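S.K.: Before we start, here is the structure in question, set down as structure tokens.
Readers should treat all values here as calculations from the given coordinates under stated rules, not as data from a laboratory. Since the model is a prediction, treat every value here as computed from it, not as a measurement. As a convention, Cβ positions derive from the backbone with ideal geometry for all residues, glycine included, and neighbour counts pool all protein chains shown.
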Amino acid sequence: MITEALIWAIFLLPLGSFAFSALVVRPFFNRYSLVSGIVTIGALGTAFAFSIWTLRSVIVHHDLNFEPIEWLEVGGATIEMGLLIDPLTAIMLVVVTGVSLLVQSYSLGYMEGDKSFCRYYSYMSLFTAAMLGLVLASNIIQLYVFWELVGVSSYLLIGFWHERPAAAAAAKKAFIITRIGDVGFLIAILYLFAKADEFAAAGLNAFHIPDIWQAAQPEAALGAVLGGTALTWLALGIFAGAAGKSGQFPLHAWLPDAMEGPTPVSALIHAATMVAAGVFLVARFFPVFEHSADAMMVVALVGAFTAVFAATMGLVMNDIKRVMAYSTISQLGYMMAALGLGLYAPAIFHLVTHAAFKALLFLGAGSVNHATGTFDMRYMGGLRRVMPVTYVLVLMSGLSLVGIIPLAGFWSKDEILLGAWDGSSVLDTWVNRVTFSALLAGVIMTAFYTIRMIILTFHGEFRGGVETELMEKAQTVPAGAADHGGVHLHESPLVMVLPMVVLGIAAVALGYLANPQWDMGIPKHWITGFLADGLGAALGLEGHGEALEFSWWMALVSTGAALAGVLLALVIYLRRKGKGADPLEHAGPLHTLLAQKYYVDTLYEDVIVRKGFFKVIAGTLDWIDRNLVDGIVDLIGWFFRNIGSAIGKFQTGQVQAYATGIAFGILAIILALLLAQ
Amino acid sequence: MSFEAFLIVAAILFCIGLFGALARRNVLVVLMSIELMFNAVNVTLVAMAKYLAPAALQDDISSVLTGQVFAVFIVTVAAAEIALGLGIVFAMYRTNESVDLTEATQLRH
């Protein structure tokens, strides 16, 4: 059984490699920056091994309880720091360290020759450390600290090539939009702080996460500390933070822009781990959410809407990474919807498989970019001949995303669809129906945009890469292209391909390995059962939600929907020759609406920011500053300037005038004294 | 003669001196008016020394003399002050070619 120190080491190792890269290698040995990459990979490899060990310990011993360390005492509330090791944490640890390890290895090839190689690895280590801290946190304040730290490292990495204005703007946008959601999370924490005394009276700590779970249980011995409307608002506050991080509508606008960062960053942060932190957060507080039907309904509807909404935009994007970004938002919508429907374990299962195949898709996009120098699919094509390994891997992960049996994505998505069809007993019937229909529609669109992306990139004739793009757009810096300028069509180096192969194996096999539908050495429904038991054990209940039985007809329906999308894309795009306009442009205004991202960016930037903030709020404040504040200051200045010259008039220089003043002054004083007596 | 009569005379003297000091333009006249005010005070001091000393202390010469000594003091100081004042008047006459007080405003501002 693993010790507490080794679990802390999972978090401290990446932190140490961050400190080493940032404080030692970069200032003193920047010439040997490769060292920072190797140190990071070594630290993560060790952390990965410890994570596997943790997972094993949790499987064997179920809950590992560690005493938290007291950190601060504020009023009646005690803030502690500690480890919360349950099945959810253990699985997330393996996912985060595993994907991070593979992405860091890949980056050795992708970032080779970048002048900020060392900075890249220190940021990546910082991110991984923060993400692991977030996963391990047993205290909501501790969790919040790492939550923000994850946001900061995301900001740093999106703006990694900060000399490009688009990257700097995207980093700022990501930071601000996620911050809007974080306000809700912060308010939820403050509410807990306000209730600290009531928690203490029930023998609970208001910030300790398992205690918050207990407080929300209506059947608790002392009666629920949290309940009714307050519970709903608390859950919605937490969900606001989660929606910001996970790019749920209406806070989704930052994620596509975040693709300005280096591609391995997109793979690790904006596909596999950080954006899944929102889903993790809702899952972490699932025992709170499930006692508020209203909050669950909001989560389910927002998730379902986002799943469809983002998928429609993914249909028309020309930038390969943006297609994947919208796909990520859409898949996160699936997870949120699943959580809203009470499908705790399927949501996390989908998170795990999604982390594998979406990270692989992004790494594939990076690999393609490595060869063509661009991300614009209009200038790609025909790459399957020069990059066969990348092609096969992207095809597999793409089909896994689509949900083709028997790839990993099929099993997790099928589980969610099946659960959505059965519906949740706490929600109204119409919510169940709407969610299910939205998710099924999402499947068709997912299939369509994935196949479209693969055909545009890998099939047909090669359309010139970055050189043609530059010529046609007559610009000096390719939009969205990294500094891998120039077209040199070839397969990526082994250091990049190897991590992709490992992820490819996961994208294919994770479905059976984690959650087999039949007993095959691994227990049936292993991961969902494991998660559900963990949740039940934490609440002191026996069994929490039954594992869903595999249903052939649901598999047929979802596969049918996926195949319909695949066929549609094949028919439209495979027949197309040369580089004419995208066939979808025939849809006219609908295409424009989608290509303009439903004008949401326009709404946010032009209407809310420019007109709302700049004109109304900033304008009013500017007027107040100019007229009211400056006016008062000017008035004071004017008063003393003029009172000076007015009083100066008395200064005649006439001795007798002064003497008269003194004489009458004394007289007045004497009179006053006499009168006062 | 009563104590009040002394005070009335002193007050009249003081007022004449004050009026002269405030209203006349000639520095010499102003200096003389100041002299008048000094002497008004002297008269008061001497009168008070005579009338206000407590009966029990009438035999103690020092208590009676206090006011008179002050008066002599003032006479001495006034003489010194006039010497100084006349020196300033001379300096003023050299720069202004007049002893008119209203013209002596160089120190203003």
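S.K.: When you scan the stretch B:3-27, how many residues do you find that are assigned to a helix (DSSP H, G or I) and either within 14 Å of another protein chain (Cβ to nearest Cβ) or touching a Lys or Arg at 6+ places or on another chain (Cβ under 7 Å) (or both)?
M.R.: Total satisfying the criteria: 12.
S.K.: Looking only at the stretch A:30-70, filter to residues that are touching a residue at least 60 places away in the same chain (Cβ under 8 Å) and within 28 Å of A:LEU190 (Cβ to Cβ); which one of those is surrounded by the most Cβ atoms within 10 Å (Cβ to Cβ)?
M.R.: For the stretch A:30-70, the residue satisfying everything is A:PRO68.
S.K.: Separate question: I'd like the full set of residues that are farther than 30 Å from B:VAL89 by Cβ, within 12 Å of chain B (Cβ to nearest Cβ) and surrounded by 10 or more Cβ atoms within 10 Å (Cβ to Cβ), limited to the stretch A:631-677.
M.R.: If the condition is that a residue be farther than 30 Å from B:VAL89 by Cβ, within 12 Å of chain B (Cβ to nearest Cβ) and surrounded by 10 or more Cβ atoms within 10 Å (Cβ to Cβ), then no residue fits.
S.K.: Sticking with this one: With (1) under 24 Å from A:GLY534 (Cα atoms); (2) over 17 Å from the mean Cα position of the chain (by Cα) as the list, and A:ALA194 as the residue in question, which single condition is left unmet?
M.R.: Going through (1) under 24 Å from A:GLY534 (Cα atoms); (2) over 17 Å from the mean Cα position of the chain (by Cα) one by one, A:ALA194 breaks only (1).
Rundown of residues vs (1) farther than 30 Å from A:HIS252 by Cα; (2) in a helix (DSSP H, G or I); (3) not hydrophobic (A, V, I, L, M, F, W, C), yes/no style:
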position	(1), (2), (3)
A:GLU605	no, yes, yes
A:LYS611	no, yes, yes
A:ALA618	no, yes, no
A:ASP622	yes, yes, yes
A:ASP634	yes, yes, yes
A:TRP638	yes, yes, no
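S.K.: Then there's this: Could you check, for the stretch A:340-363, whether at least one of its residues is hydroxyl-bearing (Ser, Thr, Tyr) and over 30 Å from A:GLY534 (Cα atoms)?
M.R.: No, the conditions are met nowhere in the stretch A:340-363.
S.K.: Which numbered condition in (1) touching a Ser or Thr at 6+ places or on another chain (Cβ under 7 Å); (2) crowded, with 24+ Cβ neighbours inside 10 Å; (3) within 18 Å of A:ILE209 (Cα to Cα) is the only one that A:THR89 fails?
M.R.: (1)
S.K.: Further question: Please work out if B:THR76 is within 14 Å of chain A (Cβ to nearest Cβ), exposed (fewer than 15 other Cβ atoms within 10 Å of the Cβ) and either in contact (Cβ under 8 Å) with a residue 12 or more places away in the chain or closer than 17 Å to B:MET37 by Cα (or both).
M.R.: Here the answer is no, as B:THR76 does not meet what is asked.
S.K.: Please determine, by comparing only the residues of the stretch A:579-603 that are of a type in the set (D, E, K, R) and in a loop (DSSP other than H, G, I, E, B), which one is nearest to A:MET313 (Cα to Cα).
M.R.: The extreme case among them is A:ASP582.
S.K.: Being surrounded by fewer than 16 Cβ atoms within 10 Å (Cβ to Cβ), closer than 18 Å to A:THR660 by Cα, out of contact with any Asp or Glu (no Cβ under 8 Å at 6 or more places or on another chain) and among the hydrophobic types (A, V, I, L, M, F, W, C) narrows it down to one of B:ILE61, B:ILE16, so name that one.
M.R.: B:ILE16
S.K.: Given the condition of a type outside the set (Gly, Ala, Ser) and either part of a helix (DSSP H, G or I) or farther than 23 Å from A:LEU143 by Cβ (or both), answer yes or no: does some residue in the stretch A:75-85 qualify?
M.R.: The answer is no; no qualifying residue exists.
S.K.: Looking at the stretch B:79-109, which of its residues are of a type in the set (Lys, Arg) and either surrounded by 10 or more Cβ atoms within 10 Å (Cβ to Cβ) or within 11 Å of chain A (Cβ to nearest Cβ) (or both)?
M.R.: Passing the criteria: only B:ARG108.
S.K.: From the residues in the stretch A:613-630 that are of a type in the set (D, E, K, R) and surrounded by 11 or more Cβ atoms within 10 Å (Cβ to Cβ), which one is farthest from the other protein chains (Cβ to nearest Cβ)?
M.R.: So the residue we want is A:LYS615.
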